[in-house]
Ligand SMILES: Cc1cc2nc3c(=O)[nH]c(=O)nc-3n(C[C@H](O)[C@H](O)[C@H](O)COP(=O)(O)O)c2cc1C
């Protein structure tokens, strides 16, 4: 039977050759938000990974919306020119399509790079003031954020619009809004971090109000020819947090605002919550979202083997699988998945002598 993982899919007018996505992964290596030669190498490598789509790391819409001093941004002309250079180069090197994830880190901003220690910037590390729905820190050792005002929300919304316009000028094939992992939008959506008593807190509708207003504003400038999606929370993994029911409701609300796909992830709302450690821990939630909200659904989280990925899409639990660490471990993951599943995958002509011509004689000798 032919592989479903390696069958094509279209999201609006974006045609993808297979169902494999490289998940966005912060590199913490930008210069004041600008991509550089590290990104040229990293994304160039992934352009030839065999995944039909590579989503560029969380790219922040304002300078103070970055997680760390090394995080990528699209808040200046320099950021735009630097990312345009990288994307046009890696497109020439490989066949993958490229998306970008637009983000604002909220109360998780002003942090150290992970390898410097998973906590807020110290006084001598050039920290900045963070914003959040409520003035509650992410955890011990994190900044106490300032409660966002209407003016902050308007500024951030405009920054999302402006970053989306920059992404369109760069020519990204799709745009994904980061509404998960405890960053600003998710922190408004979750009752754990949002304890406001105004029209932005309390009921699910109120907690969705600001994130949905961002979606509406961005959708107004992104043409139908460029799919707009969102990474959402399947569960906060806490009894007082967002649930799979909320994920379904959020996906429906996002779809009504013109969101064309969701990527179901989870966790990250506080420093002390942990995601499950089972393979594909978000898959059952994604399956519910896909079925009940009727939206193109990708999912992520401990998807590692080709057989596991094939089962997820062939059983209709998700339309696409998104893999992060497996691609860092093996930048040709999708080539090896194609081999395991007896499928075809795009390789650049320079590397065409790899594949059946390499493996078949070795296999015949066994
Ligand atoms: C180095 C690294 C950086 C990450 N940066 C981002 C990011 O920019 N945006 C995001 O939504 N998730 C980010 N994540 C989470 C991954 O996209 C993914 O959801 C998570 O690692 C689970 O998938 P995996 O088990 O395939 O690694 C990052 C993960 C890693 C390992």
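Quick look at the values:
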read-out: Cα-Cα pairs of segment 266-366 separated by more than 23 Å (percent); value: 41
read-out: Acute angle (nearest 10 degrees) that the helix 77-93 long axis makes with the longest principal axis of the chain, alpha-carbon atoms; value: 10
read-out: Estimated [θ] at 222 nm from DSSP helical runs (n ≥ 4, -39500 (n - 2.57)) normalised by residues in the chain, nearest 500; value: -11000 deg cm²/dmol
read-out: Rounded to 5, the percent of DSSP beta bridges in the chain classed as antiparallel; value: 10
read-out: Cβ crowding within 10 Å averaged over residues, with 56-63, 329-336 ranked highest first; value: 56-63, 329-336
read-out: 0 to 90° range, to nearest 10: angle between helix 150-170 axis and the chain longest Cα axis; value: 20
read-out: Selected from 306, 349, 127 as most flexible by GNM, with the chain as the system and alpha-carbon contacts under 10 Å; value: 349
read-out: Reciprocal of mean inverse Cα separation for segment 1-140 (Kirkwood radius, Å); value: 16.3
read-out: Shape call, segment 105-226: gyration tensor on alpha carbons, a/c limit 1.5; value: oblate
read-out: Potential extension, residue 256-residue 199 segment - 0.36 nm per residue separation minus Cα distance; value: 18.5 nm
read-out: Cα-projected label distance for residue 168 with residue 124, points at 7 Å along beta-carbon direction, nm; value: 4.7
read-out: Shape category assigned to the chain from the gyration tensor of Cα positions, a/c cut at 1.5; value: prolate
read-out: At R0 = 22 Å, FRET efficiency that the Cβ-Cβ distance of residue 115 and residue 277 yields, to 0.05; value: 0.50
read-out: Tensor-based shape of segment 89-172 (alpha-carbon gyration tensor, a/c under 1.5 rounded, otherwise prolate or oblate); value: oblate
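Every number here is computed from the coordinates shown, using simple stated rules; none is lab data. What you see is a predicted model, and the numbers here were worked out from it, not measured in a lab. Cβ atoms come from the backbone with ideal geometry, glycine included; neighbour counts cover every protein chain shown.
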